[in-house]
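The values are calculated or read from the model by the stated rules, or taken from the named source; none is laboratory data. This one's a predicted model, so the numbers in the text were calculated from it and none came from an experiment. Here the Cβ positions follow ideal geometry from the backbone for every residue, glycine too, while neighbour counts run over all protein chains shown. Only protein heavy atoms, including side chains, enter the accessible area calculation; ligands, DNA and RNA are left aside. Shrake-Rupley method; radii C 1.70, N 1.55, O 1.52, S 1.80 Å.
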Amino acid sequence: MIDCIEYTRLLHSANNKNWKKWGPYISDRQWGTVREDFSPAGDAWNYINHDLARSYAYRWGEDAIAGFCDTEQVLCIAPVFWNEKDPILKSRLFGLTNNEGNHGEDVKELYFHLDSSPTHSYCKFLYKYPQAAFPYNELLEQNKRSRLSPEFEITDTGIFDDNRYFDCYIEYAKADMNDILMKITVHNRGPEEAAVHVLPHIWFRNFWRHNPRFTKPEMFSAAENCIQTSSSRNGEFYFYHEPGEQLFCDNETNNERMYNRPNEFSCVKDGINNYVIHKSKTISAEKHGTIGAVWLKEKIKPGASKTFRVRLSKTAHNDPFEGFDRVFMTRKAETDEYYRQLEPRKFSSADKKLLRSAAAGLMWTKQFYYLDVFKWLFGEPGDNPPYRHYRRNYDWQHLTCRNIISMPDKWEYPWFAAWDLAFHAATFVHIDPGFAKHQLQLILREYYMHPNGQIPAYEWNFSDVNPPVHAWAVWHVYETDKKKSGNPDWDFLERAFQKLLMNFTWWVNQKDANGTDIFEGGFLGLDNIGVFDRNYMPPGITKLQQADATSWMAMYALNMLRMSLELAQHNKAYEESAAKFFRHFLNIGWAMHHIGRRDISLWDEEDAFYYDAIQFGNGSSQRLKIRSLVGIIPLFAVEIIHADVFKNLREFNNRLQTIKLTRPDLTRIISNIDKKNEDGNYLFAIMIDDRLEHLLKRLLDEAEFLSGYGIRSLSKCYQENPYIFDYNGNNYVIQYEPGESSSDMFGGNSNWRGPIWLPLNYLIIHSLRKYYEYYGDKYKFEFPAGSGNKLNLKQIANQLTKRILKIFERNNAGMFQYHPANQSCWSKEYFKEHHFFYEFFHGDTGQGLGASHQTGWTALVINLLLEMDED
């Protein structure tokens, strides 16, 4: 149990109240999102791009560099920079759109999430700002290259050579719940004196234009050192600053620039930018508006630094900077103490830094996410509806999001994704259990979940189907929290269970087309892992009977069984649910081995592997013999349940005996449910005994799945011998690609044909630990396969964990393994200390690929570190 001041704050800040009212909840990118797309053809990437973003007043949210706002995003603060060379102020992060990048969208900036307490009472962020003109055009032009080439990054431009850049540290500390201190410390890392302009901004999100309930707020110069804000939504605030020129404009669209029509307001959104850069008369002479800034300038000598201070407070202060540094020192010390109690004592300094960095990234990637699909489709009351040829998400008109949500990556993926969020919660439970539970319950609420029971996937297509891992996350969070606190949160478990019943029913009704407990689902988050797009089969193939979809559902049934048994301990009515889900699990396990007229099994005895099967128009079926993570996922359908759980469940035990007597064939397909181990545990699993042994031989074979850095998503055997599916005169080919994909499938941003993905690796390790809980030292397997070195399943889980953690360790070149080998800057001072958390990793080298700040599910390194310690 953690016992410190920050933990006490956390207990009093449930549902993002009190000390969580303010936080780093502003997106890194609002432009190029579905939310802000009002184009007729649904071309979100091109409707508002980076260049237009400074002139366009967003409808649904804001973006900034290291921004801070309240939970309703009424009022925002953030730093803005200028180096006297750039053609625009640096107010938002630059990156390429999906069409501009040779491997999809990609941010082209260097920034790091350095620290954050769970309540954001202290936060720290680093932005590396070049002193030369930012290479916007070079990054655009150099990335017009083949998908066979690597991405051209900002470090490839040479703009950081000779350390000619500023390290801009942005820190926040709360003196109280509505008293926010911001400190911007700019270091000149270069060899010469350099000028920097820092413009701390304060602004209102434009909530008044589309909602007549709210009057337009205002901000004005209250004194030479203070901008005052006033709003019917949050009252009065005071923005104190050091001596500088106050600038004001309105958060309204520049119609002249955007649409070539007259502006409705004299000082529009880009007014401050145009005043500073072009000396245009585009700011308010009356010092009044809805965007305010203070213009601070400094020439910094080489190796020196300058600190800029501002304070946003609900309370008026005579001396706003009295005790300023003391507040930072106190909040930083409290944050250190919180994490010190979380970290096991035997952690190395490198492990502590990795855990703290991952936690910081997870905290910084919270975002105010706002979208009302009905209004997005049909416009505001009394307005004409937007003109659209393509009405995206038309079936989700009930969906109304207005919450703080954990994002996968606030630049690359600034929208919630259902299965990502489940993994985020699995890590959040170690840092902020209340937030973990809140996130899992949020997505199940009636204004998110579809009336038919489907969980929304992500804003590009809420109807897409993600792996059903929500129940796993609910049980994992409940069990972890119970273990840490000693108190079972029955209310959380029961509320989630009731909504998950609806979602499970949706899966059974919608994704089991034949009613035979063999499930479909399309790409299911694994994008291009199939030999063809699993959402769109070739003509003549009527169904894809998916080993992964069916295994996910077996895991889902087990998760629901386990929750039912837990709830039945204090409400016997849940014995009915337990019996139902036990039967579901048996039916799915049996069906995986008895498909169609030829009684085909998804398990191939000769290859000792699970495969997808395709069903043809004549009803016949055939396996697609591709060894990928699809065939590993049956490993996840495992649960260990102690005999004491069943002791007082009379009704469930009676149902269990009936099933065993009437359908002994069902129970034989899984573990012997009559047999408990010496610790009194029963094993419920699909992958047992010889099937487990054979699968592990492939999983732990370095010529197939086992990399030096984790488990690959596709067997390496296809590197030299691609799998070819010859059908109706067409060859469908899949080849091992350890890095970013050369395929255009899913917009070219799909990479499941070889790379290492942390969420699936974590589930593999998590499952192996469960199997060990039952088998103990009874079963040992070669690790790696063919080495003669035999380990038990816990030891194998530990060895896999160590391989993954090698990605985050320094190599012989002095830089973290995930950095590109050709970028030596990552071994240099000021570059080498800070971590990135990539979306996925190269299957052979461990190089980080995809989104570089996907601390969402890559923060699972925290779980791996903590669970290693438990051994």
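Tell me, how many Å apart are the Cα centres for region 112-166 and for region 323-363?
Centre-to-centre distance over Cα atoms comes out at 25 Å.
Rounded to whole Å and ordered largest first, report the semi-axes of the equivalent ellipsoid of region 101-143 derived from its Cα gyration tensor (root of 5λ).
30, 15, 5
Counting other C-beta atoms within 10 Å, and keeping those with at most 11, which DSSP coil trypsin sites (Lys or Arg not before Pro) do you find in region 91-147?
Answer in residue order: K144.
Counting other Cβ atoms within 10 Å of each Cβ, which trypsin sites (Lys or Arg not before Pro) in region 740-847 have at most 13 and sit in a DSSP loop?
Those that pass, being in a loop and sparsely packed, are K778, K828.
Share of Cα-Cα pairs in region 318-411 beyond 17 Å, in percent?
71
For region 176-185, just list the computed ³J(HN,Hα) in residue order, Karplus coefficients 6.51, -1.76 and 1.60, θ = phi - 60°, integers in Hz, with x standing in for Gly and Pro.
In residue order, the calculated couplings are 7, 4, 10, 9, 10, 9, 10, 10, 10, 10 Hz.
Once the Cα atoms of helix 349-364 and of the chain are each reduced to a long axis, what angle between those two axes, in degrees from 0 to 90 to the nearest 10, is obtained?
Compared with the principal axis, the helix lies near 70 degrees.
Express the accessible area of the chain per residue in Å², computed with a 1.4 Å probe while the remaining protein chains stay in the model.
Computed with neighbouring chains in place, this is 36 Å² per residue.
Could you work out how far the C-alpha centroid of region 60-77 sits from that of region 375-392, in angstrom?
Between the Cα centre of region 60-77 and that of region 375-392, the gap is 25 Å.
Which value, in Å² and to the nearest 10, is the accessible area of F239 when all protein chains are kept and the probe is 1.4 Å?
Around 0 Å² of this residue is reachable by solvent.
A 24 angstrom limit on the alpha carbon distance is what I want to check against. Which of K128/K314; K108/K216; K183/K332; K128/K301 exceed it?
Too far apart for the 24 Å limit: K128/K314; K108/K216.
In nm, what is the difference between 0.36 nm times the number of residues separating N211 and F38 and their Cα-Cα distance?
Result: 60.5 nm gained on full extension.
Compute the relative contact order of region 354-415 as a whole-number percentage, counting only Cα pairs closer than 8 Å that sit 6 or more residues apart in sequence.
The normalised contact order for region 354-415 reaches 45 percent.
If you fit an axis through the alpha-carbon atoms of helix 650-662 and take the longest principal axis of the Cα set of the chain, what angle between them do you get, 0 to 90°, nearest 10?
Around 50 degrees separate the two axes.
Any idea what the alpha-carbon Rg over 2.2 N^0.38 Å comes to for region 216-347?
1.41
Once the Cα gyration tensor of the chain is found, what semi-axes does its equivalent ellipsoid get, as square roots of 5 times the eigenvalues, in whole Å, sorted largest first?
Here the semi-axes work out to 47, 29, 28 Å.
Give the lysines whose C-alpha is closer than 16 Å to that of K299, dropping any in the same chain fewer than 8 places away, or say none.
K85
Show the residues, 5+ positions off or on another chain, whose built amide H is closer than 5 Å to the amide H of N514.
none
Using just the helices of the chain, give the 222 nm mean residue ellipticity in deg cm²/dmol: DSSP H runs with n ≥ 4 each add -39,500 (n - 2.57), and the total is spread over all residues, rounded to 500.
Calculated from helices alone, the mean residue ellipticity at 222 nm is -9000 deg cm²/dmol.
How large a share of the accessible area of region 406-516, in percent, is made up of carbon and sulfur atoms when the probe is 1.4 Å and the other protein chains stay in place?
Of all accessible area on region 406-516, carbon and sulfur atoms account for 49 percent.
How many percent of all Cα-Cα pairs in region 196-284 sit more than 22 Å apart?
Taking all Cα-Cα pairs of region 196-284, the fraction more than 22 Å apart is 33 percent.
Region 818-855 to region 576-595: how many Å between their Cα centroids?
Rounded to whole Å, the Cα centres lie 43 Å apart.
If you roll a 1.4 angstrom probe over the protein chains with everything in place, what fraction of the accessible area of region 246-383 belongs to carbon and sulfur, to the nearest %?
Carbon and sulfur: 47 percent of the exposed surface of region 246-383.
Using a 1.4 Å probe over the heavy atoms of the protein chains, calculate the carbon and sulfur portion of the accessible area of region 612-694 as a whole percent.
Answer for region 612-694 is 43 percent, counting heavy atoms of protein chains only.
Suppose R0 equals 25 Å; then what is the FRET efficiency for K346 and D325 from their Cβ-Cβ distance, rounded to the nearest 0.05?
About 0.15, to the nearest 0.05.
By the 4.7 Å beta carbon criterion, which cysteine residues of the chain come out unpaired?
Lone cysteines by the Cβ rule: C4, C123, C168, C226, C401, C717, C825.
Given 25 °C and 0.890 mPa s, how large is the Stokes-Einstein diffusion coefficient of region 512-632 in µm²/s, with Rh as the Kirkwood radius over Cα pairs?
Value of D from the Cα-based Kirkwood radius: 161 µm²/s.
Starting from region 515-624, pick out the chymotrypsin sites (Phe, Trp or Tyr not before Pro) whose DSSP state is loop and whose Cβ has at most 14 other Cβ atoms within 10 Å.
Here the chymotrypsin sites (Phe, Trp or Tyr not before Pro) that fit, given the DSSP loop and packing criteria, are Y536.
Starting from the amide H of Q131, placed 1.01 Å from N in the peptide plane, find each other amide H under 5 Å away whose residue is 5 or more places distant or on another chain.
The answer is Y165, F166.
Heavy-atom accessible area of T215 with all protein chains present, probe 1.4 Å, nearest 10 Å²?
The accessible area of T215 comes to roughly 90 Å².
Compute the helix-to-body angle for 574-591: its Cα long axis versus the longest principal axis of the chain, expressed 0 to 90° and rounded to tens.
So the inclination is approximately 70 degrees.
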